[in-house]
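What follows is calculated from the coordinates using simple rules that are stated; it is not laboratory data. Fair warning: this is a prediction, and the values are worked out from it, not measured in the lab. Here the Cβ is made from the backbone with ideal geometry for all residues, glycine too, and neighbour counts use every protein chain on show.
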Amino acid sequence: MTSKQRSYLIGLAAKLDPVVQIGKEGITPEIVVSADEVLETRELIKVNVQKNCFDDLNELAATLAERTRAQVIKVIGRKLILYRESRTAKNKIELPAAGRTV
């Protein structure tokens, strides 16, 4: 993914409310299932990590992305932004072109 595409997704995520909450137990199977289901319909999600979770945020993002087959777009404060292209989403996100071709 290009930096232009990442910037575009970060801009879209700024308007989103977190749909998944990670608490003191970290990433549980229920969180993975919930995030996976939402990614299938929305493609782009924001995850809130509560203050009582003391795990490293970058590690949490990488683990959740791996388990949901998504990409980490950015970790901002205690929020994680994940993206996964969906085949079934009604409102698919059209990413900017990856670069110019010669």
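Only beta bridges with both residues in the chain are counted; by DSSP, about 75 percent of them are antiparallel.
In this structure, residue 93 and residue 63 have a Cβ-Cβ separation that, at R0 = 41 Å, corresponds to a calculated FRET efficiency of about 0.95. From the helices alone, meaning DSSP H stretches of at least four residues, give me the mean residue ellipticity at 222 nm for the chain, per-run term -39500 (n - 2.57), in deg cm²/dmol to the nearest 500. About -11500 deg cm²/dmol.
Would you mind finding the longest exposed-site-free stretch of the chain, with exposed trypsin sites (Lys or Arg not before Pro) meaning DSSP loop and at most 11 other Cβ atoms within 10 Å? Intermediate results must be reported in sequence, preceding the final value.
Numbers: sites that count: 15, 24, 51, 69, 87, 90, 92, 100.
It runs 25-50.
Applying a DSSP loop filter and a limit of 10 other Cβ atoms within 10 Å to the chymotrypsin sites (Phe, Trp or Tyr not before Pro) in the chain leaves 54. Is the shape of the range 43-102 best called rounded, prolate or oblate, per the rule: a/c under 1.5 gives rounded, else a/b larger than b/c gives prolate, else oblate, with a ≥ b ≥ c the square roots of the Cα gyration tensor eigenvalues? Since a/c reaches 1.5 and a/b is larger than b/c, the shape of the range 43-102 is classed as prolate. The orientation-averaged projected area of the convex hull spanned by the Cα atoms of the chain comes to 6.8 nm².
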